[in-house]
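J.: For reference, the structure I am asking about is given below.
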Amino acid sequence: MQKSGISDLDVAALVAAGLVKASDKVKILGYGTLTSKVTIKAHAVSASAKAAIEAAGGSVELV
């Protein structure tokens, strides 16, 4: 996300990009590092992912 300049990510964007089906459930996992603020809207998020997102100044919303 950081290399692409995207700061907001939601399920609809993933569906539009063809990465998931509309019926899929999306869970964000805490793998890697974040250096910029992001806003995530997903069905589930791991504790480590939530901590990393919030530590970078971002936010998580469960849908």
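Since every read-out is calculated from the coordinates, none of them should be taken as a lab result. Predicted, not measured: the structure shown is a model, and the values here were computed from it. Using ideal geometry, Cβ is built from the backbone for each residue, glycine included, and neighbour counts are taken over all protein chains shown.
J.: With surrounded by 14 or more Cβ atoms within 10 Å (Cβ to Cβ) and of a type in the set (D, E, K, R) as the only criterion, which of Lys21, Lys41, Lys27 stands out?
T.: Details: Lys21 fails: surrounded by 14 or more Cβ atoms within 10 Å (Cβ to Cβ); Lys27 fails: surrounded by 14 or more Cβ atoms within 10 Å (Cβ to Cβ).
Among Lys21, Lys41, Lys27, only Lys41 is surrounded by 14 or more Cβ atoms within 10 Å (Cβ to Cβ) and of a type in the set (D, E, K, R).
J.: How do the pairs read when you match residues in segment 47-63 that are within 17 Å of Asp10 (Cβ to Cβ) with residues anywhere that are part of a helix (DSSP H, G or I) and of a type outside the set (Asp, Glu), using Cβ under 8 Å and keeping only pairs 6 or more apart or on different chains?
T.: As it stands, the answer is Ser59/Ile53; Val60/Ala49; Val60/Lys50; Val60/Ile53; Val63/Val11, since those pairs meet every condition given.
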